Amino acid sequence: MSLEEQLRNDAQSLREVGWFNRAIMMDAAANEIKKLNDRITQLEQENDAMRADLLLWENGGPLP
């Protein structure tokens, strides 16, 4: 195999590794987005519960 052919093969291998690394990074980003969405959902639920407690309190209802 000539040096030129080896360099072409090496360049192709590097390109493939680059795509693999991008795929890993995209998967990691997707996982982080899911975690953030889960956290947002949790905070929204807690906010709804606090609003309900506040309405009860404002109307003379019991506090937990």
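Exactly one residue out of 3, 63, 36, 14 is among the aliphatic types (A, V, I, L, M), open to solvent by 80 Å² or more (accessible area, probe 1.4 Å) and at pLDDT 90 or above: that is 36. What number of residues in the stretch 39-60 are outside any helix (DSSP H, G or I) and open to solvent by 80 Å² or more (accessible area, probe 1.4 Å)? The qualifying residues number 1. Put simply, of 26, 1 the only residue that is among the aliphatic types (A, V, I, L, M) and in a helix (DSSP H, G or I) is 26.
The values are calculated or read from the model by the stated rules, or taken from the named source; none is laboratory data. Since we're looking at a predicted model, the values are computed, not measured. Surface accessibility is based on the protein's heavy atoms, side chains included, excluding ligands, DNA and RNA. Shrake-Rupley method; radii C 1.70, N 1.55, O 1.52, S 1.80 Å.
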